[in-house]
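Just so it is clear, none of the values below were taken in a lab; they were calculated from the coordinates. These figures come from a predicted structure and were not determined experimentally. Note that each Cβ is placed from the backbone with ideal geometry, even for glycine, and that neighbours are counted across all protein chains shown.
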There are 2 protein chains.
Amino acid sequence: MNEPVMPMTKRDLLSMIGTAAGASAMYMAMSSMDQAKASDFKGPPKLEGDNKGASVLILGAGVAGMTAALELSRAGYKVQVLEYNDRVGGRSWTLQGGDTYTELGGATQTCQFAPGNYINPGPWRIPWHHHGLIHYCHELGVALEPFMQVNYNAYVHNTQAFGGKPQRYRHIQADFYGHVGELLAKSVNAGALAQTVSKEDGEILLEALRSWGALDRNMRYVKGAASSGRRGYDKEPGGGLSAVPEPSDPIDVQTLLRSGLWRSIGGNLQWDHLSTIFQPVGGMGQVAKGFERAVGHMVRKNSKVTAIQQDEKGVTVSYKDTKSGAVMKASADYCLCTIPLPVLAQIEMNVSPELDAAIRAVPYSTSVKVGLEFKRRFWEQDDQIYGGITYTDLPNSQISYPSTRYGDKGPGVLLGCYVGGAAGYELTASTPAQRVEKVLEWGSQIHPQYRGEFMNGVSVAWHRVPFTLGCFGSWTEASRAEHYKNLCKFDGRILLAGEHASYYGGWQEGGITSAIDAITRLHQRVIAG
Amino acid sequence: MNEPVMPMTKRDLLSMIGTAAGASAMYMAMSSMDQAKASDFKGPPKLEGDNKGASVLILGAGVAGMTAALELSRAGYKVQVLEYNDRVGGRSWTLQGGDTYTELGGATQTCQFAPGNYINPGPWRIPWHHHGLIHYCHELGVALEPFMQVNYNAYVHNTQAFGGKPQRYRHIQADFYGHVGELLAKSVNAGALAQTVSKEDGEILLEALRSWGALDRNMRYVKGAASSGRRGYDKEPGGGLSAVPEPSDPIDVQTLLRSGLWRSIGGNLQWDHLSTIFQPVGGMGQVAKGFERAVGHMVRKNSKVTAIQQDEKGVTVSYKDTKSGAVMKASADYCLCTIPLPVLAQIEMNVSPELDAAIRAVPYSTSVKVGLEFKRRFWEQDDQIYGGITYTDLPNSQISYPSTRYGDKGPGVLLGCYVGGAAGYELTASTPAQRVEKVLEWGSQIHPQYRGEFMNGVSVAWHRVPFTLGCFGSWTEASRAEHYKNLCKFDGRILLAGEHASYYGGWQEGGITSAIDAITRLHQRVIAG
């Protein structure tokens, strides 16, 4: 991933390897290149050739804007970045003790968390295949640690199932797999699949189902060593004379199916959630800090863009210094605009009707996150839940436990709510204090310790975030077909980038890959021009 | 888990909660207590009452011996520990640069790893439900970090499948789930399960299979957005005008079944492998160091036990100082012996024929681990594998990638082999240099970078480890039935503890729970006596 793009064709390379190291090495190299195909990030862009002293004005110092600033400045471009906030990073943001945040409507929260505790209001995880972001984390000295996506001892919860009692994820998954295995084995043995699977393959399938589903010798998923070796025991193995384990009772298939709790399994099998997933040590704001070390000197903070005007020679941007109130202008040959679309739609700019329509075509997600600080990590101490996520049908949707500082004896912070849609709108309409109160009420149904251990909370309702007015762009198939290319292609001397200009909506990787795509096209135009 | 055992009955407690907080709180408390049942470790033992100044001589300063030393000394017992090695910890051990290790037969290896690199020759992971070990890690200041058990981008490899080409774990698992889902859906729709699953439940099952198996609207697992959203894309989503993803081709069901690679999935679903799993920051040797901080002053190292003699009044142990050669004696009222059975079987001791038979009844596993240091982390840089395990049918069995210091640019260490059984015997019979050479040969078939990047290697063949003569006790149902109780019960004034005296064979948790069970019985005898 860190290697430069190979300056020869694939056929050349394979031929060379084949000659030097024999067919086996060539075969392995082919395999390796097949895998390399799986990443759209091919390494940092190689912006070679004469840029003719061109200048680029970048609007927004989020990861897209800062990626562009880093690579354009390396290629010799004159770069300036304007940023609305008094910090860089945009949604790549960590809230920790002492941080103050004022939302649209004027409510101001000062985060009360103890040192070391935090929430990431925006992106919070980095899958291993977000090669662009991982590349820059490694390059910029941002240390990564595992994010615990799946915790088999966390809960899944449906208010309408099991009398509202939360269930352990491990019970639901093990039992679902066991029952699926038993039912399919029964079908194979009854000859129901004779036209689909040959007799020989059917035998292999039965063996696979037994091994995967923890079935007994009669191909049944029943209470015993096999099933408890997956879901856990009523009494675990121990030592000495009190050592013998006691198996646990699987949930019957009807109860399991009707509980609907199997819905929580598929999400953890999604491409974006497959281990290894990372988080930056110290919070996602460390990504912003890493970029800031490299390009911070090019960024003018507290600069609110009010107009973007282009002509045949260049682009001029008017902006207001949010501290002094002074209105100022900046000009460059080109403008790379990473301003989120709901904000951009309110800025005067002379672009084509097509781009203007595209900017207005993408609604933004109404995500809400609420962080709660408690006196102790009761989820670890009482429930043996170390990291991971509990899923619920309550409006808070999920509870995420910290993936770091396991066993810490001091106060701990949960992400007590991460939800969009209708529940997101309701929370957005509430005051910060009301949001915390609602999230406490919901979460208490899963963790009765909530009320007794609660210290303080902080919330970010993304539709009230002044610098984005929403969490991320929500494309549909129809809006993609009509507007996506118009959003991404050059409009005069203006190019857009950001997660909204990608197929990675809501992910920093979208911002990075879109920035690289944009500046690569910009550079091609400059050297061709 | 850190809470003291409740000094009231469960019924008392529930009644109290019910009165104070209403039925809902009581229900939640019941749920919480049900879960607490799942751990055999109930917190540290409460050794209350008059111990009459009794003394205990502990043989072996592994985690079992040191757990006993810690808790017995807290309860006021006079404790001395004899340890054969010049370090504490026993199999709880980390090999790093500069460490020297001499195996049976005389071969000496000095580990050449760069600073920060290591392997754990013995235990290497700590599941969340090993409550005893986690309790002591938290108490003794041993920091824990996630061990990456499952990495969807690691390989599964069968020399007889796919022309010997390694496959990504994510492809095998996603496709197995997809095909299982499709086949079971087909059976349901064909009415093959009508007598087992009601029509209504069958509808729910179909919905569950679609959601879990990533089936399309026709309940088929085919190339497209759903399947690529699990297994990954041929071309991943990106940004800007080069953004459109290209789906990948699932493996057909026959090829998948015949590959046998589904065998690797079940192991990751086992109770002992469910996330969250930990490793101590800095290697498993940190567990030893944590205990040493608490009980190191009670341990006499370099002390090889040669005889254990008991009479009605106490136990006298003869031991040789391995540095000076002097033969010495130590006595106490009781002896807690944690010496591994193959070593103990060679020590003269006057115990009952039943205990003597039990000591000789348990063969020890022949595990071999080989650590390889390479010039760079090619598995991260070239293959995008961050932690986790590759499984192969080659004799090395698995390759484990480091779960820490992701993205490090310096030399990296793989666990290149962890195998028992026949392959373990073969490697044990080889020299350390031959072991490394064989492991390089096998691993090169998965990672062709091996030869070019190799720096040095180190191996531990447990049957040649002088202080254990094997990796861990391998009980069978028959040997358990005949010998387990005899091994664990008091024999005069001698009690055994260690993973071999537990149902957690091969795990440190077995040593800890067996030590607690043993000293609890010892204490009951002392206060009753």
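So, by mean Cβ neighbours within 10 angstrom, what's the order for B:86-97, A:110-121 with the highest one leading?
B:86-97, A:110-121
With a Förster radius of 25 Å, plug the Cβ-Cβ distance of B:Lys323 and B:Arg74 into 1/(1 + (r/R0)^6) and report the FRET value to the nearest 0.05. Walk me through the numbers before you get to the answer.
Values: r = 30 Å, r/R0 = 1.22.
Efficiency, from the Cβ-Cβ distance: 0.25.
Residue by residue, what Karplus-based ³J(HN,Hα) values in Hz, rounded to whole numbers, does the stretch A:489-494 have, using 6.51, -1.76 and 1.60 with θ = phi - 60° and x for Gly and Pro?
3J(HN,Hα) across the stretch A:489-494, in whole Hz: 7, 3, 10, x, 10, 10.
Restricting things to alpha carbons, find the Rg to Rh ratio for the stretch B:373-486 using the Kirkwood radius for Rh.
1.07
So if I take the centroid of the Cα atoms in the stretch B:462-529 and the same for the stretch A:450-527, what is the distance between those two points in Å?
Value for the Cα centre distance between the two parts: 60 Å.
Given charges of +1 on the Cβ of Lys and Arg and -1 on the Cβ of Asp and Glu, with all other atoms neutral, how large is the dipole of chain B about its Cα centre, in debye to the nearest 20?
Rounded to the nearest 20 debye, it is 560 debye.
Which distances in nm, rounded to one decimal and ordered from shortest, link the label point of B:Val281 to the equivalent label points in the other identical copies, with labels set 7 Å from Cα toward Cβ?
The answer, with the shortest distance listed first, is 0.7 nm.
Where nothing but the Cβ of Lys and Arg (+1) and of Asp and Glu (-1) is charged, how large is the charge dipole of the stretch A:439-529 around its Cα centre, in debye to the nearest 20?
For the stretch A:439-529, the charge dipole is close to 380 debye.
Of the DSSP beta bridges with both residues in the protein assembly as shown, give the percent that are antiparallel, rounding to the nearest 5. If you can, show how the numbers build up before the last one.
Numbers: 98 of 136 bridges.
Among the beta bridges of the protein assembly as shown, antiparallel pairing accounts for roughly 70 percent.
Filter the DSSP H helices in chain B by two things, a Kyte-Doolittle mean of at least 0.0 and an axial alpha-carbon span of 27 angstrom or more, and list the hits by number. Could the numbers behind the result be given before it?
Values: long enough: B:169-189 (30 Å, -0.29); B:508-528 (30 Å, 0.10).
Helices meeting the criterion: B:508-528.
Would you pull out the residues with amide H under 5 Å of A:Leu144's amide H, same chain only if 5 or more places away, H placed 1.01 Å from N?
Here A:Val281 satisfy the definition.
Go through the stretch A:362-372 residue by residue and turn each phi into a ³J(HN,Hα) via Karplus (6.51, -1.76, 1.60, θ = phi - 60°); whole Hz please, and just put x for glycine and proline.
Values, residue by residue: 10, x, 10, 5, 9, 6, 10, 10, 10, x, 10 Hz.
Put the label 7 Å from Cα along Cα→Cβ for B:Phe162; what are its distances to the other copies, in nanometres, shortest first?
Going from nearest to farthest copy, the values are 3.6 nm.
Taking each pair of different alpha-carbon atoms in the stretch A:72-111 once, compute 1/r for the pair, average those values, and report the inverse of that mean as the Kirkwood hydrodynamic radius in Å to one decimal. Walk me through the numbers before you get to the answer.
Working: mean 1/r = 0.0778 Å⁻¹.
One over the average 1/r among Cα pairs gives 12.9 Å for the stretch A:72-111.
How would you rank A:401-412, A:347-358, highest first, on the average number of other Cβ atoms within 10 Å across their residues?
Averaged packing, sorted descending, gives the order A:401-412, A:347-358.
Taking amide hydrogens as modeled 1.01 Å from N in the peptide plane, which residues meet the under 5 Å criterion relative to B:Ser248, leaving out close sequence neighbours?
B:Gly224, B:Ser228, B:Asp234
Kindly state, as a whole number, the per residue volume in cubic angstrom of the convex hull around the alpha carbon atoms of the stretch B:88-182.
Hull volume normalised by residue count: 205 Å³.
With no solvent and one equal point scatterer per Cα, compute the Debye intensity ratio I(q)/I(0) for the protein assembly as shown at 0.07 Å⁻¹ and report its log10, rounded to two decimals.
Rounded to two decimals, the profile gives -0.69.
When the convex hull of the C-alpha atoms of the stretch B:169-263 is computed, what volume per residue in Å³ does it have?
Roughly 103 Å³ of hull volume per residue.
Do the alpha carbons of any pairs in A:Lys301/A:Lys485; A:Lys235/A:Lys375; B:Lys369/B:Lys438; A:Lys46/A:Lys489; A:Lys42/B:Lys409; A:Lys375/B:Lys46 sit beyond 23 Å of each other, and which pairs?
Those over the limit are A:Lys301/A:Lys485; A:Lys235/A:Lys375; A:Lys375/B:Lys46.
Residues of A:401-410, mean number of Cβ from any other protein chain within 10 Å of their own Cβ, rounded to a whole number?
Going residue by residue through A:401-410 and averaging, the value is 3.
Across the residues of A:511-524, average count of Cβ atoms on other protein chains within 10 Å?
Mean shielding count: 3.
Along Cα→Cβ, 7 Å out, is where each label goes; now give me the distance between the ones at B:Glu477 and B:Thr110 in nm to one decimal.
About 5.2 nm, to one decimal.
What does a probe at A:Lys313 reach in the stretch A:479-494, counting residues whose amide N is under 19 Å from the point 7 Å along Cα→Cβ?
Output list for this probe position: A:492-494.
Which GluC sites (Glu not before Pro) in the stretch B:465-529 sit in a loop by DSSP (not H, G, I, E or B) and have at most 11 other Cβ atoms within 10 Å of their own Cβ?
The qualifying sites: there are none.
For the charge dipole of chain B, defined by +1 on Lys and Arg C-beta atoms and -1 on Asp and Glu C-beta atoms about the Cα centroid, which residue among B:Gln286, B:Gly163, B:Ser242 has the Cα displaced farthest towards the positive pole?
The one lying farthest along the dipole's positive direction is B:Gln286.
In a solvent-free Debye calculation with one equal scatterer on each Cα, what is log10 I(q)/I(0) for the stretch B:318-450 at q = 0.15 Å⁻¹, listed in the order of the q values?
-0.82
Obtain the nm distance between the two label points defined at B:Gln346 and B:Lys375 by a simple spin-label model: each point lies 7 Å from its Cα along the Cα-to-C-beta direction.
4.3
Determine the shielding of peptide A:487-495 by partner chains: average, over its residues, the number of Cβ atoms on other chains within 10 angstrom of each Cβ.
Neighbouring Cβ atoms belonging to other protein chains average 1 per residue here.
What ranking do A:510-518, B:130-138 get when scored by the average of other Cβ atoms within 10 Å per residue, highest first?
Going by the mean number of other Cβ atoms within 10 Å, highest first, we get A:510-518, B:130-138.
Residue-wise, which Karplus ³J(HN,Hα) couplings in Hz belong to the stretch B:86-103, taking 6.51 cos²θ - 1.76 cosθ + 1.60, θ = phi - 60°, and x for glycine or proline?
Coupling constants for the stretch B:86-103: 8, 8, 8, x, x, 6, 7, 8, 10, 9, 9, x, x, 5, 10, 9, 10, 9 Hz.
Report, for chain B, the % of DSSP beta bridges that are antiparallel, rounded to 5.
The antiparallel fraction comes to roughly 70 percent.
Near the amide H of B:Val419, under 5 Å away, which other amide H atoms are found, from residues 5 or more places off or on another chain, if H is placed in the peptide plane?
Result for B:Val419 returns B:Val368.
Taking the Cα centre of the protein assembly as shown as origin, work out the dipole magnitude from +1 charges on Lys and Arg Cβ and -1 charges on Asp and Glu Cβ, in debye rounded to 20.
Value, rounded to 20: 1040 debye.
So how many Å³ per residue does the convex hull of the Cα atoms of chain A work out to?
On the way: hull volume 109.9 nm³, N = 529.
Dividing the Cα hull volume of chain A by its residue count gives 208 Å³.
Which FRET efficiency value, to the nearest 0.05, is calculated for A:Asn302 and B:Val222 with the Förster distance at 56 angstrom and r the Cβ-Cβ distance?
Efficiency, from the Cβ-Cβ distance: 0.60.
For labels at A:Glu437 and B:Glu48 in the simple 7 Å Cα→Cβ model, what's the distance in nm?
Those two pseudo-labels are separated by 4.4 nm.
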